[in-house]
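Comments concern the structure below.
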Amino acid sequence: MLITGDGPSRPALVNQAKQLGLGDLVKFPGWVSREELELYFQAADIFVMASEYEAGRPITLLEAMSFEDAAVSSRIDGIPGLMTDNVDGLLFPVGDSVYLSKRLWKLLSDASLRLRLSSSARSFKV
């Protein structure tokens, strides 16, 4: 798993990964260049946006979907109007890590759903 960016939550996430013994499984490269980000999008099968809010359109979500990554997003303002749950991606309530984990497990255990969401990602309604 890869978590990019240098936002205010990064130190807490790094600490939590260590506490849970996930240090070898979760990588935190910090800020990455545009070129690196595109490589990560190309390599990814699933993209998660767990934001509590976004100032405008969720650009990273749109970029991930343009690379046909199956998307999971919190139900922040504006997303449900753009993404239909179980059609363009999977949605979960803001801050609900239990529901997020269930959505991720659903994607990881259902290859046909992952492929369907991935292929419909490019037709996301911008």
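Relative contact order of the chain: 22 percent, from C-alpha pairs under 8 Å at least 6 residues apart in sequence. Principal axis analysis of the Cα atoms in the chain yields extents of 36, 30, 27 Å, listed in decreasing size.
Cβ-to-Cβ counts within 10 Å put GLU52, GLU38 in ascending order as GLU52, GLU38, the fewest first.
Under a 5 Å amide H cut-off, with hydrogens placed 1.01 Å from N, MET49 pairs with VAL72, SER73, SER74 among residues at least 5 apart or on other chains. Taking the centroid of alpha carbons for each part, the range 56-126 and the range 1-23 are 21 Å apart.
Ordered by the count of other Cβ atoms within 10 Å of each Cβ, fewest first, PHE28, PHE92 give PHE28, PHE92.
Taking label points 7 Å from Cα along the Cα-to-Cβ direction, SER119 and TYR99 give a separation of 2.9 nm.
Here each label is just a point 7 Å from Cα along the line to Cβ, and for ARG75 and ARG34 those points are 3.6 nm apart. By the beta-carbon count within 10 Å of each Cβ, the least crowded to most crowded order of THR4, THR84, fewest first, is THR84, THR4. Between ASN86 and ARG57, the simple label model (points 7 Å from Cα in the Cβ direction) yields a spacing of 2.8 nm. One decimal place: the segment SER66-LEU2 gains 21.2 nm when fully extended, by the rule 0.36 nm per residue minus the C-alpha distance. Average projection, convex hull of the Cα set of the range 35-81: 3.3 square nanometres.
List the trypsin sites (Lys or Arg not before Pro) within the range 75-126 that fall in a DSSP loop (any state other than H, G, I, E or B) and whose Cβ has at most 12 other Cβ atoms within 10 Å.
Answer by residue number: ARG122, LYS125.
Bear in mind these aren't lab numbers, they're just calculated from the coordinates by the rules spelled out. Small disclaimer: the values here were computed from a predicted structure and weren't measured. Backbone-built Cβ (ideal geometry, glycine too); neighbour counts: all protein chains shown.
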